[in-house]
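The values are calculated or read from the model by the stated rules, or taken from the named source; none is laboratory data. This structure is a prediction, so every number in the text was calculated from the model and none was measured. Positions of Cβ are generated from backbone atoms using ideal geometry, with glycine treated the same way; all protein chains shown enter the neighbour counts.
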Amino acid sequence: MAAKAGAAASFIFMLFLLNIACQAQLSPAFYDSSCPNALSAIRTAIRSAIAGDRRMAASLIRLHFHDCFVQGCDASILLDETSSIQSEKTALGNLNSARGYNVIEKAKTEVEKICPGVVSCADIIAVAARDASSYVGGPSYAVKLGRRDSTTASRTLANAELPAFFESLESLISRFQKKGLTARDMVALSGSHTLGQAQCFTFRERIYNDSNIDAGFASTRRRRCPRVGSDATLAPLDLVTPNSFDNNYFKNLMRNKGLLQSDQVLFNGGSTDSIVSEYSRNPARFKSDFGSAMIKMGDIGLLTGSAGQIRRTCSVVN
């Protein structure tokens, strides 16, 4: 038994060292020589997309999150279904929900025009999330670059590893810890729900049956989300400022006005109450922690060096 435990510990330590080695190969200056105009081209494409659809900012941040939580930050979420690839686009957490694939592809097309075969789709997703945050008032942080793209995807892993809208606080903390993220990281990243919208079926149970919900808020949400039907009807995750990156999300949680169950559990008498309270009072601290957590999340499961490939088109392997 002791030998098995020792072997397991050694394996985990080796994985830790491998992740450190991969992180060391990333740098914000990775493309400074090989494609100096890459970040400018990506930024232009992202700003254009959000200017035409403000909701796209939330979608691009979420796309990066959903990419990193499945196989790591390797652009596996962008791969289409083939005879040999299980597309993550059809996983429960992404189907008819994840957006922005075409925006990333557009940015990739623009980058390919100036530097063919140089910039990975995985890096473009990471940069797009940062640019989306910055464009709508969120933090701008240094994105480490040098990721490579996977040649596989996994719908099975996506169904197993993406957080669900009905999860408990303990389950969420455990899920994030398995990715190397702390409870504080989780709360900060959840603050991205200051942007975007959710479908009726994801919050119906909460607005009709939960007790830890403001009565007026529940009544407002029920008007467009009946007990039966209208599953795809959208509601803003932040009713106050749905298109601006601010700390109103946390203020809403303290008033029992979290739209999703997985939002409100962050402030419901548990271990993360104090973090929510802090962010509700200190927007600068929230934005700082959000940027740090995004950088940390961007280090999950990296492909670097000669691993993977640089896809020419993000939706298919070369």
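Some observations on this one:
- From 274, 244, residue being surrounded by fewer than 17 Cβ atoms within 10 Å (Cβ to Cβ) and within 20 Å of the chain's Cα centre (by Cα): 244
- Only one of the listed residues (156, 151) is under 21 Å from residue 82 (Cβ atoms), in a helix (DSSP H, G or I) and more than 16 Å from the chain's Cα centre (by Cα). That residue is 156.
- Picking from residues in the stretch 285-303 that are crowded, with 22+ Cβ neighbours inside 10 Å and among the small types (Gly, Ala, Ser), the one that is farthest from residue 126 (Cα to Cα) is 293.
- Residue within the stretch 99-113 that is of a type in the set (Gly, Ala, Ser), part of a helix (DSSP H, G or I) and in contact with a helix residue (DSSP H, G or I) (Cβ under 6 Å, 6 or more places away or on another chain) present: yes
- Residues in the stretch 32-84 that are hydroxyl-bearing (Ser, Thr, Tyr) and not in a helix (DSSP H, G or I) were compared, and the one that is surrounded by the fewest Cβ atoms within 10 Å (Cβ to Cβ) is 83.
- Against the criterion of being farther than 22 Å from residue 254 by Cα, under 14 Å from the mean Cα position of the chain (by Cα) and either outside the structural domain of residue 137 (by TED's automatic domain parsing) or in contact (Cβ under 8 Å) with a residue 12 or more places away in the chain (or both), residue 181 qualifies.
- Of all residues making up the stretch 63-101, the number that are over 18 Å from residue 181 (Cβ atoms), among the charged types (D, E, K, R) and under 15 Å from the mean Cα position of the chain (by Cα): 3
- If you go through the stretch 304-318 and keep only what is at positive phi and either assigned by TED's automatic domain parsing to the domain that holds residue 72 or surrounded by fewer than 15 Cβ atoms within 10 Å (Cβ to Cβ) (or both), you end up with just 305.
- Answer residue from the stretch 72-112, given it is touching a residue at least 24 places away in the same chain (Cβ under 8 Å) and among the basic types (Lys, Arg) and is nearest to residue 262 (Cα to Cα) among those: 99
- Residue within the stretch 130-144 that is farther than 22 Å from residue 188 by Cα, assigned to a helix (DSSP H, G or I) and without any contact (Cβ under 8 Å) to a residue 60 or more places away in the chain present: no
- Meets criteria (of a type in the set (Lys, Arg), touching a helix residue (DSSP H, G or I) at 6+ places or on another chain (Cβ under 8 Å) and either at pLDDT 95 or above or not assigned by TED's automatic domain parsing to the domain that holds residue 103 (or both)) for residue 281: no
- Residues considered: 188, 158. Of these, the only one that is small (Gly, Ala, Ser) and outside the structural domain of residue 93 (by TED's automatic domain parsing) is 188.
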